[in-house]
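Notes for the one structure printed next.
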Amino acid sequence: MGELFRSENFCLIELIVPSNIVYEAVGLTGELGWLQYKDLNSDVSQFQRNFVREIRKCEDLERILKHFAMAMESHKLCRNSDLLIDLDAEEKVMVSKKYMNLTLSIKKISKYAFPLLYEIDELEQRLYDLEKTLKQAEENEQSLLEELTNLQEFQSVLEGSFLFLSGTERIFLPSALYCFPDNKCDSGSPALRFGSLTISNFFIQSLAKLATMHRCIAGVIELSKKTSFERLLWRICRGSAFLRICNSQSLGGVQKSVFVVFFQGTLLGERIRRACDGFGAKLYACPESANERSALLKHVKTSLYDLEMVLQRTVDHKLMLLTNIKERYEGWFVALKKVKSTYFVLNTFNYDVTNSALIGEAWCPVARLPAVYNAMEKVRKRAGNPTPIILKQKITKEQPPTLYLTNKFTNAFQAIVDAYGVASYKEVNPALFTLVSFPFLFGIMFGDVGHGAVMTIFGAWMCIREKSLRTKRGAGEFWDTAFSGRYIILLMGLFSMYAGFIYNDIFSKAMWLFSSAYYLPTEAIDSGCPSGCGFNGSPYPFGLDPVWALAANKLAFLNSFKMKMSVIVGVVHMLVAIFLNVFNHSFFKNKLKIYCETIPQFLFMASIFGYLCALIISKYGSQLNTNLSPLPPFLPCDGLGKGLGSLRPLPVCVYLTMLPQTHHSFSFIICTRWLNSYPPFHGGGQTDPSLLVVLISMFLSPNDISYGSRTYMYRGQSVIQKILVATAVLCVPWMLLSHILVQKFRQKLTSSRAYNQLENISNYELGVFLNCENEAEGNSEIGLFVQEPVNAADESHCGPPEGRFGEILVNRAIHTIEFCLGAVSNTASYLRLWALSLAHAQLSEVLWTMVLRPAFTKSFIVLYIAFFIWATLSVFVLVIMEGLSAFLHALRLHWVEFQNKFYEGGGHAFAPFSFKTAVHQTAA
């Protein structure tokens, strides 16, 4: 786990590569994936860089591949799946791409070698030839389809004319094209009753019209335009034309209807043709003679058969071409992504003054630098280039990137920390501590053996079958998130089970794993006499005694226990966070912050809240002498009957209720009597005070330690509390002023030494020094009067200007007040551990009491239904919803209360040039 504590060591290197092998050298670094290149042309537009032409050529080739992919998908040559690309050996990332239908694994990406320049030229020429061939095949197919559609429409028109003119069918006339004989049509509002009218009373008039008509127009029109077409013909013809529309049929993939219009006169025919053109209707010449129509129909059918044969051969040729493309498509896709990403990196380089080499800069892990250099040397030797490749380290004040070497187990925890902010370079990484603290805090809030077991089983199932389940990535955001955090879910379930054993809680019921620490004779229960009840002399082996599940004051006791446990866990968690500042400041050689910030903060927290934790532990761990026997060490020592803070030297009765198998309830009594004699740790024979009262009185009245009838809780309490109060009070000015005073002293000391050297320097050096002083007074920039680079954390000789001390004082005051108030608020924030644990336990008990327990007295069917409802609510409400709530609260405690104490998160992640990620990023 050492690689998680601090980031990898990085160095900034300068690469000087000959221009004739720079493409191969940079491409090799993409295969290695250990260099993060800096953009040396950030002030230059993307369209004015050196390799814009090559990038455009790659984009044009990608356009061709997209055309191929769409053609393959249209012919169902590929599965309707998305492009899967492995970013590493364990995880897969779904890339949504409608036209991509292949699966690329990391092994497949790695097996395709980085293409050389001549191979790219050959690929370009081949893709252009294939595109030309494919386009020609598509154009031929399209023209054949159009001709086939025209022949099918012509065939439908001929067949429709036979049906109408032969008289074998009843003639149906749209009502919009005629007026009823017994009504006069209004020219402004023709009858629009759609449907059909069988020729009956109007038969003679229709035959008279047909006899006088000598012209007809036939064609097809889309079904959606049929009604509008009928209306328009009625308006322009005024009943002088006869329209026949047959039933619709699919022609060319569109529902169309065949129509025939009979009319008289050239002018009217021209109007009808214009109306047909306006509605996109296709007109076909229909012979008047039946013999001619029969011969023409036969010829059309023959042409259709021949055309279908030619079309089938064209499609087969196209499919053969696409099949050959499919076999090589995967390699072409990877090759183009590699080439394009390489040219993007080359655009960050600059040419040297002779244009014979390119110069670039990159961040590289120090441990990987020899491997990178050796790989580039192999490229140079293979190319036979005598000019060496130069890699040299540069001294810079820029902050290096941050890299933590994670695996499939630690990756999810690192993602939780990075969501707050990427760690600064060499800053202590909270993820190492989050591995344990995050599931532990979750388990405290979610403590239940049964619910934790459900979560553990689910997490273990995903971990065991992760190889097969990885292929389901992309099934949904919820599934992707759960699968990515499968190891977190597993640990959260295990810690929840551990906390459940501590609470002795499984689905809101207590577990009698061991014998209770109390003996309750049956005769004592029946008689109600407390003389036979008592403590058996040894505490319960692990967790809470199950007898507490039967106590009347169960809720009061558990609230007290969990609340004080939450305070102890929270204070320890925050003290560890403050202590981690020592590692940060020591590594960056900033001892001033250790003495002026970390130590007073730690003492402030320890003197107040650390003392509170000590009081809680001492109060719970003390043994009290009784006439029966002492309580177990983990139980409160302040009475059972009235909860905490109510210990009295009088008999206290606790009523406990049971529900035995006979389904009738009865009560038995456990009675304990506290004696007036206390061990030396306590003030004899007096009630323990409330710890909250002790903490408040420690500040308000440090000289008065009498809390009710108690004079003190332990010997020397007054002196110790005064020392702790004084320490906490002194820590406030310590945090506020010490840092400023030390800086002021350093500035004066440095200035006096500098002016003492004025007699030994030249006039030019004096001008430089005075210029440094002027810059420091006028600007926030600090001049450097040194011979070697200065660390960013070091102070310059000029020191902070006088006018900035007021700003620094205000800044320190804000941070001091924020820490002091945050110490209280953050400690109270950890009470959410108690609150969520209580809510989870009570909700689980409500489900048991209201849903499942009443069904035990009913029939088996009722019990089965009740169990189904109880199990469903337990999984979806108590496990999923309550688990999500506890997860978010644990996340908040780590981000705000823990990481805020020592973690800046002001860095940037290491983003190397790698083909494994470049393929995904360019495809997405």
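Structure notes:
- Net charge of the neighbourhood of ASN374, taken over other residues with C-beta under 13 Å away and scored Lys/Arg +1, Asp/Glu -1, is +4.
- You can think of it this way: the chain between GLU147 and LEU737 has 203.2 nm of extra reach, that is 0.36 nm per residue less the Cα-Cα gap.
- In segment 808-847 the Cα-Cα distances spread across 10 Å bins starting at 0 as 26, 27, 20, 15, 9, 3 percent of all pairs.
- A straight Cα-to-Cα reach below 16 Å connects LYS509 with the lysines LYS554, residues fewer than 8 places away in its own chain not being considered.
- Set of lysines near LYS593 by C-alpha distance (under 29 Å), chain-local residues within fewer than 8 positions excluded: LYS397, LYS426, LYS722, LYS744, LYS748, LYS901
- FRET E, pair MET881, LEU831, Förster distance 25 Å, beta-carbon r, rounded to 0.05: 0.75
- Taking 0.36 nm per residue of separation and subtracting the current Cα-Cα distance, fully stretching the chain between THR302 and THR750 would add 150.7 nm.
- Averaged per residue, segment 409-479 has 37 square angstrom of accessible surface, using a 1.4 angstrom probe with ligands and nucleic acids left out.
- Where labels lie 7 Å past Cα in the beta-carbon direction, separation of TYR351 and ASN247 in nm: 7.6
- The trypsin sites (Lys or Arg not before Pro) of segment 39-80 that DSSP puts in a loop, and whose beta carbon has at most 12 other beta carbons within 10 Å, are LYS76, ARG79.
- Estimated FRET transfer efficiency when R0 is 56 angstrom, pair PHE409-ARG313 (beta carbons, to 0.05): 0.45
- Only lysines eight or more places from LYS318 in sequence, or on another chain, were considered; those with a Cα closer than 24 Å are LYS66, LYS76, LYS97, LYS98, LYS132, LYS135, LYS326.
- Spatial extent of segment 382-437: Rg and Dmax, with the Cα atoms as the point set, Å: 18.2, 57
- All-pairs Cα distance distribution in segment 256-333, expressed in whole percent, bin size 5 Å: 3, 11, 11, 12, 12, 12, 9, 7, 7, 6, 5, 3, 2, 0
- Note that segment 802-924 presents 52 Å² accessible area per residue, ligands and nucleic acids not counted, probe 1.4 Å.
- Mean separation of Cα contacts under 8 Å, 6 or more apart, over the residue count of segment 385-444: relative contact order %: 33
- Solvent-accessible area, 1.4 Å probe, carbon plus sulfur percent, for segment 444-494: 69
- Segment 311-385 - percent of accessible surface contributed by carbon and sulfur, probe 1.4 Å: 53
- Of ASP316, ASP352, the order by accessible heavy-atom surface (1.4 Å probe, DNA, RNA and ligands excluded), from most exposed downward, is ASP316, ASP352.
- The trypsin sites (Lys or Arg not before Pro) of segment 298-336 include none that meets both conditions, a loop assignment by DSSP and at most 16 other Cβ atoms within 10 Å of the site Cβ.
The values are calculated or read from the model by the stated rules, or taken from the named source; none is laboratory data. All figures in this text were calculated on a predicted structure; none of them were measured in a lab. Reconstructed Cβ throughout: ideal geometry from the backbone, glycine too, with neighbour counts over all protein chains shown. With ligands, DNA and RNA removed, areas are computed over all heavy atoms of the protein, side chains included. Shrake-Rupley method; radii C 1.70, N 1.55, O 1.52, S 1.80 Å.
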